[in-house]
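The values are calculated or read from the model by the stated rules, or taken from the named source; none is laboratory data. Being a predicted model, the structure only gives us computed values, none of them experimental. Using ideal geometry, Cβ is built from the backbone for each residue, glycine included, and neighbour counts are taken over all protein chains shown.
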Amino acid sequence: MGIESALPVDSILTTQLQRVVNWSRRSSVWPMPFATACCGIELMATACSRFDLARFGAEVMRFSPRQADLLIVAGRVSVKMLPVLQRIYMQMTEPKWVISMGACASTGGVFDTYAVVQGVDQFIPVDVYVPGCPPRPEMLIEAIMAIQRIIDNDAIPRDGEGARLPLNIAVQPNFEPRSQPVPVTVGTT
Amino acid sequence: MTVATLTHPSLATIKGAFPSVAFLASEFRGQTTLVVPAARLHEVMRVLRDHPDCDFNFLVDVTAVDYLGYPAPVQARFAVVYCLLSHQHDRRLTVKVNLDPTLDTKGTAADPALEVESVTDLWPGAEWLEREVFDMFGIRFRGHPDLRRILLWRDFPAFPLRKDYPLRGRGEREHFQTLTRESR
């Protein structure tokens, strides 16, 4: 990356081990996409070239939960699917983080019926919520950056008894909505 | 409504084959519906499939209707609906069976009044369709080879497409184990 050319050849850097570990973890967040609905399409767009999730080290989508450390719940979760989601969460190795992407995963969204879970955070721990229906890729990127901030501060902040503390990070959209296209009349006037 | 206004040719065939059975039939915008007594359903369906003048070789759909709160006068609380298609004659027919429950429709107990003969022996494709009707409405099919719920899980405590079942359910979506960060 060029840092070695800026330093003398036989130089030594000192740092804390935890910081090196956090730096390596935040630079290679491997997501497990749990994409059940249209949020999954935005998740795919985020990973593609226009938005390029690789810039944040999170482009390696792992479809085995044992190789992933970030669970992205993208889309509504039906009551029948929740045991699957919980099993996937349990199969992920520590340390692990969870993004609840979109209105449906966070609250059930418009699917206020007997068959849809009204927010996955009732049943699995969630670190970052992304609003939107579906959220734009920028918002998912900011959510991953929020996960990186969590990792940076300390991997698993805990209280005195060892329980993880809530982080209370709210993701804000970082784009300006543009005006709608001007209507076009086709044919002679 | 008189029989004379009904032009569907299969109705005459059915009437000839079952002279002692009282059928109801109606036509709406070119679509004919035949209402069959539940006890005679299977015989009628066999004639509709096998008689060369009917030849309904294809069962398009099996579904059901719950008429609770229907704004017009109704014949029964539930109706099972069979949509038939004859490729030979390029003709369609809807067959309906009316059913009235004898037990409280809020439970899942087997109601002998909500039962019709399965048509899986006539059209094997009816198997999953009848399972879905059972899953959503609690209408059971005698002679079905594998009458289990198809969409919901086995222990679901209701039949959710009945109109007296609340849209948001009765708490089924809230009763799970909760995983915490310490769960192993």
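Numbers at a glance
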{"item": "Selection from region A:127-173 of residues that are farther than 21 Å from A:W30 by Cα and modelled with pLDDT of 85 or more", "result": "A:P131, A:G132, A:C133, A:P134"}
{"item": "Residue within region B:157-167 that is within 14 Å of chain A (Cβ to nearest Cβ), assigned to a helix (DSSP H, G or I) and in contact with a strand residue (DSSP E or B) (Cβ under 9 Å, 6 or more places away or on another chain) present", "result": "no"}
{"item": "Qualifying residue in region B:136-152 (condition: surrounded by 20 or more Cβ atoms within 10 Å (Cβ to Cβ), under 13 Å from the mean Cα position of the chain (by Cα), away from every other protein chain (no Cβ under 12 Å) and in contact (Cβ under 8 Å) with a residue 40 or more places away in the chain)", "result": "yes"}
{"item": "Selected residue (only one of B:E172, B:E182, B:E132 is farther than 14 Å from B:D66 by Cα, facing chain A (nearest Cβ under 10 Å), surrounded by 14 or more Cβ atoms within 10 Å (Cβ to Cβ) and charged (D, E, K, R))", "result": "B:E172"}
{"item": "Hey, A:P125 away from chain B (no Cβ under 11 Å) and not in a helix (DSSP H, G or I) or not", "result": "no"}
{"item": "From B:D104, B:D135, B:D155, residue being over 18 Å from B:A38 (Cα atoms) and at pLDDT 90 or above", "result": "B:D135"}
{"item": "Unmet criterion (only one of (1) in a loop (DSSP other than H, G, I, E, B); (2) β-branched (V, I, T); (3) at pLDDT below 90) for A:V20", "result": "(1)"}
{"item": "Residue within region A:72-90 that is in contact with an Asp or Glu (Cβ under 9 Å, 6 or more places away or on another chain), within 13 Å of chain B (Cβ to nearest Cβ) and surrounded by 19 or more Cβ atoms within 10 Å (Cβ to Cβ) present", "result": "yes"}
{"item": "Failed condition for B:K163, given (1) crowded, with 18+ Cβ neighbours inside 10 Å; (2) touching a Leu at 6+ places or on another chain (Cβ under 6 Å); (3) of a type outside the set (A, V, I, L, M, F, W, C)", "result": "(1)"}
{"item": "Matching residues in region B:20-42 - criterion: being out of contact with any helix residue (DSSP H, G or I) (no Cβ under 6 Å at 6 or more places or on another chain) and within 19 Å of B:R140 (Cβ to Cβ)", "result": "B:P37, B:A38, B:A39, B:R40, B:L41, B:H42"}
{"item": "Those residues of region B:122-135 which are in a loop (DSSP other than H, G, I, E, B) and either at positive phi or touching a residue at least 24 places away in the same chain (Cβ under 8 Å) (or both), in sequence order", "result": "B:L122, B:W123, B:G125"}
{"item": "Scan of region B:19-68 for residues that are in a loop (DSSP other than H, G, I, E, B) and over 23 Å from B:Q88 (Cα atoms), ordered by number", "result": "B:P19, B:S20, B:V21, B:A22, B:F23, B:P37, B:Y67, B:L68"}
